[in-house]
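What follows is one structure encoded as structure tokens, with my remarks underneath.
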Amino acid sequence: MNEAQVKQLLIDTGAILEGHFLLTSGLHSPMYVEKFQVLQYPQHTAALCAALAERFRDKQISVVVGPVTGGILLAHEVGKNLGTRAIFTERENGVMTLRRGFVIHPGERVLVVEDIVTTGGSVQEVLDVVKQAQGNVAGVALLVDRSGGKVSFGVPTEALLHLSVQSYQPAECPLCAKGLPITKRGSRKL
């Protein structure tokens, strides 16, 4: 899948929204990507994840890991395509961790997957978990990089769609200045 096809799929499924949104990062934005509008369709999830997996097929991945919630679906489908294990991290007392008996073995080649990235905070938390387990990060696979290419994780990173979307600190948000009501769509409590 090329970027134009991915973007059209997100538009067709209603995943790309316009308005005034409070992002998980705490920033405000005129655009929100509601990944579950596309991920609710197993055939679309399978196609997107096959495209992500293809970009890392030659990297000898042993395990795919993503953060809860969207990362669970992505890790599972990418792992299925690569023939690897698929696990996820979740927060415990506010700290990203492996639970449920999941283990990353020292030296194991790990692909980190994430749905939408603006600041890269969740991905960095997962990378920290992998490094703490002495795993070898082979790369990061993203459904959408909406940072305009500003995020960097120091490892090969591939995104199916690159968006350059403005985001603002709340005190500097022109949408707030215009009095536009804000919508919080994410699952994480700030």
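The values are calculated or read from the model by the stated rules, or taken from the named source; none is laboratory data. Fair warning: this is a prediction, and the values are worked out from it, not measured in the lab. No Cβ is skipped: glycine too gets one built from the backbone with ideal geometry, and neighbour counts run over all protein chains shown. Accessible surface areas use protein heavy atoms only, side chains included; no ligands, DNA or RNA. Shrake-Rupley method; radii C 1.70, N 1.55, O 1.52, S 1.80 Å.
Quick notes
- Coil-residue GluC sites (Glu not before Pro) of segment 74-162, DSSP, other Cβ within 10 Å capped at 14: none
- What the chain shows is 49 Å² of accessible area per residue, with the surface traced by a 1.4 Å probe over protein heavy atoms.
- Subtracting the Cα-Cα distance of Ala4 and Ala46 from 0.36 nm times their residue separation leaves 13.4 nm of extension gain.
- Largest to smallest in accessible area, the residues Tyr168, Tyr32 fall in the order Tyr168, Tyr32 (1.4 Å probe, all protein chains included).
- Of Lys80/Lys131; Lys59/Lys150; Lys131/Lys184, those spanning more than 30 Å from alpha-carbon to alpha-carbon: Lys131/Lys184
- Phe153 accessible area, assembled protein chains, probe 1.4 Å, Å²: 20 Å²
- Calculated SAXS-style log₁₀ I(q)/I(0) at q = 0.20 Å⁻¹ - the chain, Debye, Cα scatterers: -1.44
- Sequence of Asp145, Asp58 from largest to smallest accessible area, 1.4 Å probe: Asp58, Asp145
- Span from the segment 149-185 Cα centroid across to the segment 25-46 one, whole angstrom: 14 Å
- If the chain linking Val68 and Cys176 were pulled fully straight, counting 0.36 nm for each residue of separation and taking away their Cα-Cα distance, it would gain 35.9 nm.
- Within the accessible area of the chain, the carbon and sulfur atoms contribute 49%, probe 1.4 Å, all protein chains present.
- Antiparallel bridge percentage (DSSP; both residues within the chain; nearest 5): 30 percent
- Where labels lie 7 Å past Cα in the beta-carbon direction, separation of Ile11 and His105 in nm: 4.7 nm
- Added length on full extension, which subtracts the Cα-Cα distance from 0.36 nm per residue, Asn136 to Tyr168: 8.1 nm
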